[in-house]
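Engineer: Dropping the structure in here first, questions after.
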């Protein structure tokens, strides 16, 4: 009788172990089946030959080239601060030369030629009409007539309606109008106001 019970218990133990093995095997196979599509999709996204280096570095290399070009343009800017038109041209060059929509290098570049309150105003108003076309490059600044409503030019005050032309990455040119005012201090001319006053348009 005791031997019969022992055999019965042994059989039950073997059945439980077998059931546990079957369940574990089934779970593992299910997980493998779920992972295969992900692996296949990742493999399909690789370039021919499975070279991951090209796929990973293609975009950054383009961005780094643009960034290097923008930085070079900014570094070359060194206007004669005794001449208001030169300061305004340098200021607009930096302002419209950007590597991306969120590039803020121009802020650092124009700081020596800007009144403190101007940078604060620009941060609040933004410059989406420039950023929307980034990466952008300065082409030309057209200086118009004095802004008589801001007062006549004096040895320490200068104002003009200007139009800055810049391009996007595809070479399309845009023209953006600004009203600019500058004042002369101990270290030369600085920009005190640069207000966007119109619509950015495409030009040839």
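We did not get these values from a lab; they are worked out from the coordinates using the rules stated. On a predicted model such as this, the values are computed, not experimentally measured, just so you know. FYI the Cβ positions are ideal-geometry reconstructions off the backbone, even for glycines, and counts take in every protein chain you see.
Engineer: If you find the alpha carbon centre of the stretch 75-89 and of the stretch 127-193, how far apart are they in angstrom?
Structural biologist: Centre-to-centre distance over Cα atoms comes out at 12 Å.
Engineer: Can you compute the modelled spin-label distance between residue 119 and residue 149, with each label point 7 Å from Cα toward Cβ, in nm?
Structural biologist: Computed distance between label sites residue 119 and residue 149 equals 2.9 nm.
Engineer: Is the C-alpha gyration tensor of the stretch 113-176 telling us rounded, prolate or oblate? Criteria: a/c under 1.5 is rounded; beyond that, a/b larger than b/c is prolate, otherwise oblate.
Structural biologist: Since a/c reaches 1.5 but b/c is at least a/b, the shape of the stretch 113-176 is classed as oblate.
Engineer: Assuming a ≥ b ≥ c are the square roots of the Cα gyration tensor eigenvalues, decide whether the stretch 81-203 counts as rounded (a/c under 1.5), prolate (otherwise, with a/b larger than b/c) or oblate. Walk me through the numbers on the way to the answer.
Structural biologist: Working: a/c = 1.91, a/b = 1.49, b/c = 1.29.
Verdict is prolate for the stretch 81-203.
Engineer: Taking the highest mean first, how do the peptides 153-165, 116-128 order by number of other beta carbon atoms within 10 angstrom per residue? Walk me through the numbers on the way to the answer.
Structural biologist: On the way: 153-165: 16.6, 116-128: 12.5.
Packing proxy ranking, top to bottom: 153-165, 116-128.
Engineer: Still on this structure, I have one more. Averaging the inverse of every distinct alpha carbon separation and then flipping it gives the Kirkwood radius. What is it for the stretch 157-204, in angstrom units?
Structural biologist: On the way: mean 1/r = 0.0828 Å⁻¹.
In the stretch 157-204 this quantity evaluates to 12.1 Å.
Engineer: In addition: Given Cα pairs under 8 Å that are at least 6 residues apart, what percent is the relative contact order of the stretch 68-204?
Structural biologist: Numbers: 255 pairs, mean separation 31.2, N = 137.
Over the stretch 68-204, the number comes to 23 percent.
Engineer: List 92, 15 from most exposed to least, where exposure is judged by having the fewest other Cβ atoms within 10 Å. Intermediate results must be reported in sequence, preceding the final value.
Structural biologist: Numbers: 92 25, 15 10.
Arranged by neighbour count, lowest to highest, 92, 15 become 15, 92.
Engineer: Rounded, prolate or oblate: pick one for the stretch 60-140, where a ≥ b ≥ c are the square roots of the eigenvalues of its C-alpha gyration tensor, a/c under 1.5 means rounded, and failing that, prolate if a/b is larger than b/c, else oblate.
Structural biologist: Since a/c reaches 1.5 but b/c is at least a/b, the shape of the stretch 60-140 is classed as oblate.
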